[in-house]
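Engineer: Just dropping this structure here.
The values are calculated or read from the model by the stated rules, or taken from the named source; none is laboratory data. All values reported here derive from a predicted model rather than from experimental measurement. Cβ coordinates were reconstructed from backbone atoms using ideal geometry, including for glycine residues, and neighbour counts include every protein chain displayed. Each accessible area value is taken on the protein alone, full model and side chains, heavy atoms only, with ligands, DNA and RNA left out. Shrake-Rupley method; radii C 1.70, N 1.55, O 1.52, S 1.80 Å.
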Amino acid sequence: MNKLVLDACCGTRMFWFDKNDPRAVFIDKRAESFLADNRKGRKMLHVAPDLVADFTALPFPDRCFSLVVFDPPHLTRNGKTSRMHKKYGSLVGDWREELRQGFSECFRVLKRNGILVFKWNEVDIPVSQILALTPERPLFGNRCGKQSRSHWIVFLKP
């Protein structure tokens, strides 16, 4: 693996400046295209990972990435046909165990002294409940968005 960065659930790569950055490998458990409404009308969006894989069982060896981005689905109340589900995915079933495994896998593939950048929006679930799912301690974070519900949290792997 020659890539330095893993985006463990890339979705439509919304926050990437370069959506095809050659330093990163983009994975998601789905690959699909769909029409979505936005302020400018309808737009075709693409979930087009480099590799279709689930963040609970990453297909990479231990300690192979310098940076991991973990932005899992964070909504529990949207339907499977909703725009929000199509755009961001949903948490279903035992989502606590799913996110616990996701954190574990992200830290497993992260090199020693590597950085994990975690993004969470607490519309449905407070960030404190999510941080309780990993034994790792965050370094720092930032709230953003119109209502300060999105959190960017940075971890350093010991």
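Engineer: Taking 0.36 nm per intervening residue step and subtracting the Cα-Cα distance, what contour gain separates residue 66 from residue 51 on full extension?
Structural biologist: In short, 3.5 nm is gained.
Engineer: Computed FRET efficiency, Cβ-Cβ of residue 34 and residue 97, R0 35 Å: what is it to the nearest 0.05?
Structural biologist: 0.80
Engineer: Suppose we keep just the DSSP beta bridges with both residues in the chain; what percent of those would be antiparallel, to 5?
Structural biologist: Once the DSSP bridges in the chain are tallied, antiparallel ones form about 60 percent.
Engineer: Let me ask something else. Hey, can you find the accessible area per residue of the chain for me, probe 1.4 Å, expressed in square angstrom?
Structural biologist: That works out to 57 Å² for each residue.
Engineer: How much length is gained if the chain between residue 133 and residue 17 is pulled fully straight, taking 0.36 nm per residue apart and subtracting their Cα-Cα distance, in nm to one decimal?
Structural biologist: Full extension of this stretch gives 38.8 nm more.
Engineer: Here's a follow-up. In nm, to one decimal, how far is the modelled label at residue 77 from the one at residue 108, with both set 7 Å along Cα→Cβ?
Structural biologist: That separation, rounded to one decimal, is 3.4 nm.
Engineer: Hey, if you put +1 on the Cβ of every Lys and Arg and -1 on every Asp and Glu Cβ in segment 1-58, which of 31, 15, 56 ends up farthest toward the positive end of that dipole?
Structural biologist: 15
Engineer: While we're here: Determine, for each peptide in 62-71, 135-144, 93-102, the mean count of other beta carbons within 10 angstrom over its residues, then list the peptides with the highest first.
Structural biologist: Most protected by this proxy first, the peptides run 62-71, 93-102, 135-144.
Engineer: Per residue of segment 103-111, what does 6.51 cos²θ - 1.76 cosθ + 1.60 with θ = phi - 60° give for ³J(HN,Hα)? Whole Hz please, x for Gly and Pro, Karplus curve as stated.
Structural biologist: 4, 4, 5, 4, 6, 4, 7, 7, 5
Engineer: Suppose every K and R has +1 on its Cβ and every D and E has -1 on its Cβ; what is the size of the dipole of the chain about the Cα centre, in Debye to the nearest 20?
Structural biologist: 540
Engineer: Could you compute how much accessible surface residue 12 exposes when probed at 1.4 Å, giving the result in Å² to the nearest 10?
Structural biologist: The accessible area comes out at roughly 20 Å².
Engineer: Based only on Cα atoms, what Rg/Rh ratio does the chain have, Rh being taken as Kirkwood's radius?
Structural biologist: Ratio of gyration radius to Kirkwood radius for the chain: 0.94.
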